[in-house]
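The values are calculated or read from the model by the stated rules, or taken from the named source; none is laboratory data. For clarity, every value in this text was computed on a predicted model and none was experimentally measured. With ideal geometry, Cβ positions are generated from the backbone for all residues, glycine too; neighbour counts draw on all protein chains shown. Please note that ligands, DNA and RNA were not included when accessible areas were found on the heavy atoms of the full protein model with its side chains. Shrake-Rupley method; radii C 1.70, N 1.55, O 1.52, S 1.80 Å.
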Amino acid sequence: MVSSSHENKGIGSALSRRQPASKLVMAWMVLGLVCAAALSFYKGRLLESFAQKSLGVLESRHSSVLSAFQAGFYFFYEDQFVPGIREQREKTPHLDRIQILTQPGVLIFDSAVAPESQGPQQGQADAKTFDRADVVAGISGTKPSVFFSGFRVQILMPSGYSSGKFSGSSSAANPSEQYGVLYTFDGSDVRNTLVLTFLLFQVFVGLGLAYSNRKVEPGEASLSVWPVLAQRVLGLRGKFMATIVLINLVTGAIVYFTLTALQTRDQTQRIRKESFLFAQFSTPKMVSDFTKYFYFNYQEKFLPGIRGVIASNENLVAIRIISKRTRAVLFDSEQNAMATTPPEPLEMEGVSKFQLTQDLDDDLEARNFLQRELLRNGEELLSIVHGGPSENQDSLFWVEYVFSYYSLKTSLAEIRRQILVDLLPAMALGLLIAAIFAQLLIQPIRKLVQALQRVATGDYDVSVRASSSDELGELSGAFNTMTGELKKKSELRKYLSDSTYRKVMQSAQSSGGAASGGVRVAATVLFSDIRGFVSHCENLEAEEVTAMLNEYFGIMVEVVHRNGGEVDKFIGDALLAVFYPQDNSRHSIGASQEKDQKAVSTALQAIFCGLEMREKLAELNQKRKDKNKSPIEIGVGI
């Protein structure tokens, strides 16, 4: 037992030793490097996801950039092209830069450079050569190419690619020359996410290391970092905080998704209403321009008018003009906007037809307009077909407007951000209040635990101050009462034998309680000692004397207990046993007959005990004789 105790103390002292600050800093740095390595792999996935989202946005924006380049770069550079490029860059989320490259790798336009220092008037002599061969090689491709540079994503759209298909169009100035548009998107959100994750990880790791290396208070167990963190997380404080965090997250999620759903519904209805009104007011002009300019001033007036209508609505993706009689698509802005001459649908093979289901076709014939939902390349679109009258007669054409929900996405992104900005402070405040309440709740319990640990070691001088009148205050009061009673019993035990102490405790717990002056009882006392003990032990070693007494007293104590007595004390080689009357605490001292009867009873118990002690001694001496040891003689007095 002694060696085990020293071993436990050694372990405790080893655990309580504080680690040097250099080791903690080294551990903190190593864990930081591990986190940085993990985030570097996660960065690739985030950038790929960001590139896919950006490519989806370009599917509807690239055609407008191509239209602005083909129509205005060489002829209306300052009036149309530069404002159009600036507008597209401002409308496209995270778009930081637009560059236009020719097939030899010549950079003919860069939105990051002042417009007056570049453009067609500068000539090819002043143009810069693009220094990335992989980007230049993608100009002649048939699909977009994605490049990564740090936290920037670059997407190259070839000249022949438009809205998910390869159209085979070439430059307006030189049809034999191919070119590409390089879009650069800023991935600062990805960078901020990674940096914030790394900082939070380092803060939590630093707090955990600092807490595990704190100075351990007396009576408090010292643990390493991971058991301490596990105790914090799995303890009452962790459960309380986890409950509050879960409630905050559930409440915040309900509010977030509810508000987002309501805003989505309202914004969708608004876009549909505005799109229908836009189609209603634009159709007469579209039909009029088609009949006047399509075959005679196609490039000079009709196409600029189409581009102006598309540019006036940020959600408008395409415009198609359809013949009511033949259902032939006479013009499609997504396919024919780059052509220099008007298409001849009646002479084209496999002319596209405008087809609807029977119920939608009947509805269009009856109301002269139709609104339906489309799904193209995974993107939801809104199609509005309207047939407005011309100047003096009914129109022979339908005009189909295809709208995207781009403004809905941008509005919802801003709404979600604003909701999070409003919710996060409230959730942080709730978490702070929860932490304060958890501290107020856990601190008294922690003090009680530490006090109980001191009581378990036999320290009854400890007390806990009750700081409140609630259940925790009552628990502290009950603890103080318990330690007071334990202290009284510990002091009393110093001056009483075990048997007397038990009698006192039994008397104190009885219904009548203990008399302040004691209680007189009739009892019998038995004395027993070894005859000639000193001379008997002269030739024995200390270990032999101890073994003899342990063997002797072990047998005699059993005899005393078997006969209803209690061993009061050991005095060297002597034994003092007391035989108390039965149920003496339940009867008052009354008639002398009752006292005599109890005295006779205890005396008989003592006599029988003495006789049995002689019998057991004879058996013990026989064993000693077999081992060539001298016999023991005792005397018994009652």
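Look through Phe276, Phe240, Phe204 and report the one residue that is at pLDDT 80 or above and either on the phi > 0 side of the Ramachandran plot or among the hydrophobic types (A, V, I, L, M, F, W, C) (or both).
On the way: Phe240 fails: at pLDDT 80 or above; Phe204 fails: at pLDDT 80 or above.
Result of the check over Phe276, Phe240, Phe204: Phe276.
Go through (1) in contact (Cβ under 8 Å) with a residue 40 or more places away in the chain; (2) surrounded by fewer than 12 Cβ atoms within 10 Å (Cβ to Cβ) and name the single condition Gln263 misses.
(2)
Report, by residue number, each residue of the stretch 54-89 that is of a type outside the set (A, V, I, L, M, F, W, C), surrounded by fewer than 15 Cβ atoms within 10 Å (Cβ to Cβ) and over 15 Å from Asp110 (Cα atoms).
Within the stretch 54-89, Gly56, Asp79 qualify.
Sort out which residues of the stretch 447-466 are open to solvent by 40 Å² or more (accessible area, probe 1.4 Å), not in a helix (DSSP H, G or I) and not aromatic (Phe, Trp, Tyr), and write them in order of number.
Taking the stretch 447-466 as the starting set, the residues that turn out to be open to solvent by 40 Å² or more (accessible area, probe 1.4 Å) are 447, 449-450, 452-454, 456-461, 463, 465-466.
Now drop any that are not not in a helix (DSSP H, G or I), which leaves 457-461, 463, 465-466.
Selection gives Thr457, Gly458, Asp459, Asp461, Ser463, Arg465, Ala466.
Each row is one residue, and each column tells you yes or no for (1) of a type in the set (S, T, N, Q); (2) open to solvent by 30 Å² or more (accessible area, probe 1.4 Å); (3) touching a helix residue (DSSP H, G or I) at 6+ places or on another chain (Cβ under 6 Å).
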site: Glu543; (1), (2), (3): no, yes, no
site: Leu549; (1), (2), (3): no, yes, no
site: Phe553; (1), (2), (3): no, no, no
site: Arg562; (1), (2), (3): no, yes, no
site: Glu566; (1), (2), (3): no, yes, yes
site: Phe570; (1), (2), (3): no, yes, no
site: Leu576; (1), (2), (3): no, no, no
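Which condition number in (1) modelled with pLDDT under 85; (2) more than 30 Å from Leu66 (Cβ to Cβ); (3) open to solvent by 40 Å² or more (accessible area, probe 1.4 Å) is the one that Asn297 fails?
(2)
Return the residue satisfying two criteria in turn: it lies in the stretch 8-49 and is of a type in the set (S, T, N, Q) and surrounded by 13 or more Cβ atoms within 10 Å (Cβ to Cβ), and of such residues it is modelled with the highest pLDDT.
Here is the first cut: in the stretch 8-49, the residues of a type in the set (S, T, N, Q) are 8, 13, 16, 19, 22, 40, 49.
Still in the list and also surrounded by 13 or more Cβ atoms within 10 Å (Cβ to Cβ): 16, 19.
Details: Ser16: 43, Gln19: 57.
Per the stated criteria, the residue is Gln19.
Taking the stretch 318-371, which residues are at pLDDT 70 or above, closer than 26 Å to Val65 by Cα and more than 53 Å from the chain's Cα centre (by Cα)?
Those that are at pLDDT 70 or above, closer than 26 Å to Val65 by Cα and more than 53 Å from the chain's Cα centre (by Cα): Ile321, Ile322, Val329, Leu330, Phe331.
Can you work out which of the residues in the stretch 426-446 that are touching a residue at least 24 places away in the same chain (Cβ under 8 Å) and farther than 24 Å from Gly252 by Cβ is least open to solvent (accessible area, probe 1.4 Å)?
So the residue we want is Ile442.
Under 6 Å by Cβ, and 6 or more places apart or on different chains, what pairs join a residue from the stretch 603-623 that is aromatic (Phe, Trp, Tyr) with one that is at pLDDT 90 or above and open to solvent by 80 Å² or more (accessible area, probe 1.4 Å)?
Close Cβ pairs satisfying both conditions: none exist.
Can you name every residue in the stretch 476-526 that is exposed (fewer than 15 other Cβ atoms within 10 Å of the Cβ), modelled with pLDDT of 80 or more and over 59 Å from the mean Cα position of the chain (by Cα)?
The answer is Val525, and nothing else.
Does Val190 satisfy being at pLDDT 60 or above and under 21 Å from the mean Cα position of the chain (by Cα)? Break it down into steps so the answer makes sense when it comes.
Numbers: at pLDDT 60 or above: yes; under 21 Å from the mean Cα position of the chain (by Cα): yes.
Yes.
Just give me the residues in the stretch 301-311 being open to solvent by 10 Å² or more (accessible area, probe 1.4 Å) and either touching a helix residue (DSSP H, G or I) at 6+ places or on another chain (Cβ under 8 Å) or modelled with pLDDT of 85 or more (or both), in sequence order. Write out each step before concluding.
Let us first name the residues in the stretch 301-311 that are open to solvent by 10 Å² or more (accessible area, probe 1.4 Å), namely 301, 304-305, 307-311.
Scanning the stretch 301-311 gives Lys301, Pro304, Gly305, Arg307, Val309, Ile310, Ala311.
Of these, Asp96, Asp110, which one is charged (D, E, K, R) and open to solvent by 60 Å² or more (accessible area, probe 1.4 Å)? Steps first, please.
Numbers: Asp110 fails: open to solvent by 60 Å² or more (accessible area, probe 1.4 Å).
Selected residue: Asp96, the only one of Asp96, Asp110 that is charged (D, E, K, R) and open to solvent by 60 Å² or more (accessible area, probe 1.4 Å).
Can you say whether Thr357 is open to solvent by 70 Å² or more (accessible area, probe 1.4 Å), among the β-branched types (Val, Ile, Thr) and either in contact with a helix residue (DSSP H, G or I) (Cβ under 8 Å, 6 or more places away or on another chain) or more than 30 Å from Arg325 (Cβ to Cβ) (or both), as far as the supplied structure shows?
Details: open to solvent by 70 Å² or more (accessible area, probe 1.4 Å): yes; among the β-branched types (Val, Ile, Thr): yes; either in contact with a helix residue (DSSP H, G or I) (Cβ under 8 Å, 6 or more places away or on another chain) or more than 30 Å from Arg325 (Cβ to Cβ) (or both): no.
In short, no.
Just to be sure I understand the filter: pairs with C-beta atoms under 6 Å, separated by 6 or more residues or on different chains, first member in the stretch 310-336 and more than 17 Å from Phe403 (Cα to Cα), second member among the small types (Gly, Ala, Ser). Which pairs pass?
Hits for this filter: Val329/Ser352; Leu330/Ser323.
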